[in-house]
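Take a look at the structure below.
The values are calculated or read from the model by the stated rules, or taken from the named source; none is laboratory data. Bear in mind the structure is a predicted one, so any value in this text is a computation, not a measurement. Note that we place each Cβ from the backbone using ideal geometry, even for glycine, and neighbour counts take in every protein chain shown. For the accessible areas, the whole protein counts, side chains as well, though only heavy atoms, and no ligand, DNA or RNA atoms are used. Shrake-Rupley method; radii C 1.70, N 1.55, O 1.52, S 1.80 Å.
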Amino acid sequence: MAPIKPTHVALIMDGNGRWAKKRLMPRSFGHREGSMALRRLVIDLVGAGVPYITVYAFSTENWSRPQAEVDALMGMIGEFFSSYIDELIENGVRVRFLGDLEKLPEGAKSACLLTQEKTKELERLNLNIAINYGGRDEIARAARLIAQKAAKGEIDPGSISQKDIEEHLYTKGIPDVDLVIRTAGEFRLSGFMLYQCAYAEFYATDVLWPDFTIEDFNKALAAFGSRERRFGGLGADGKQQ
Ligand code: IPE
Ligand code: IPE
Ligand code: MG
């Protein structure tokens, strides 16, 4: 039997700075290489049997980096989507953004919104890009939206359920994360998909993000295939007893 594949894989793309440092290059050089690694990987993932991919591109905490690095990243986001949009459309990739795009500079924001709009009917691969995203921020936002509806009498506060929360997250309609992959040898979520990762499997690799390829992705899938997920129950062994 073929190993079970995850439906939704989330990638924490880390290590761009270290990749550049090893080459005595500025951090922005690592970010540029990192964006090319993402571009190559997405094309390889089209038709690979994992329908939802989410990547962490910029966190709500990344604004605390030096202004020059933030500016370089924002410039790259705008450039990336303007130059990549046709390739995404040709490959049938639907792009959605998770996070508050309002805080982005106009060029980056409009490139993101245009990409989202122009790819919204496509369905070969669902690619979610987390930009100015933080899991705590997302949960606080959901609470705010629900409270506003409750104040208007549209939601009964006494019956707020997990489903109500899920419907007010950026990932509304997107299945839970099955597998989180983090590159560059770190073992933490850094605020990524805190709600959606409740039962996700975690896979860490030392590969720095600009070097990450479909082969590395497939290694993570193989590891996932050998995990036993129990979701709080007893799993396969328990059921046999
Ligand atoms: C990940 O690479 C990209 C972003 C967070 C934007 P880093 O920039 O965090 O690279 P390291 O961790 O410093 O090597
Ligand atoms: C997480 O990486 C955010 C992204 C990959 C966009 P960081 O490099 O910002 O995380 P920490 O600071 O090492 O936890
Ligand atoms: Mg990092």
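Key figures for this structure:
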| quantity | calculated |
| --- | --- |
| Heavy-atom surface of the chain, accessible at 1.4 Å and reported per residue (Å²) | 53 Å² |
| Extension reserve of the Asp44-Asp164 stretch, reckoned as 0.36 nm per residue once the Cα distance is removed | 39.7 nm |
| Kirkwood Rh in Å, taken over all unlike Cα pairs in the stretch 1-131 | 15.4 Å |
| Local electrostatic count at Lys109 - Lys and Arg +1, Asp and Glu -1, tallied over other residues with Cβ under 11 Å | -2 |
| Accessible surface of the chain [probe 1.4 Å, protein heavy atoms]: carbon and sulfur percent | 52 percent |
| Neighbourhood net charge (9 Å Cβ-Cβ; Lys/Arg +1, Asp/Glu -1) for Thr213 | -3 |
| Solvent-accessible surface (1.4 angstrom probe) belonging to Ser226, in square angstrom, nearest 10 | 100 Å² |
| Euclidean distance between Cα centres, the stretch 157-172 to the stretch 3-33, Å | 32 Å |
| Relative contact order (percent, whole number), the stretch 1-115, Cα cutoff 8 Å, 6+ residue spacing | 27 percent |
| Loop-resident sites, the stretch 16-54, for trypsin sites (Lys or Arg not before Pro), counting at most 13 other Cβ within 10 Å (DSSP) | Arg23 |
| Exposed-loop-free span, longest in the chain, where chymotrypsin sites (Phe, Trp or Tyr not before Pro) count as exposed if DSSP calls them loop and at most 12 other C-beta atoms lie within 10 Å | 1-186 |
| Solvent accessible area, Å² - Glu117, 1.4 Å probe, full protein context | 100 Å² |
| Cut-off under 5 Å, modelled amide H: who pairs with Thr60 long-range | Tyr133, Gly134 |
| Estimated dipole of the stretch 167-214 in Debye, rounded to 20 [Cβ of Lys and Arg +1, of Asp and Glu -1, Cα centre] | 140 debye |
| Area accessible to solvent at Glu167, 1.4 Å probe radius, in Å² | 80 Å² |
| Relative contact order (percent, whole number), the chain, Cα cutoff 8 Å, 6+ residue spacing | 28 percent |
| Accessible heavy-atom area order of Leu122, Leu194, Leu98, Leu114, highest first, probe of 1.4 Å | Leu114, Leu194, Leu122, Leu98 |
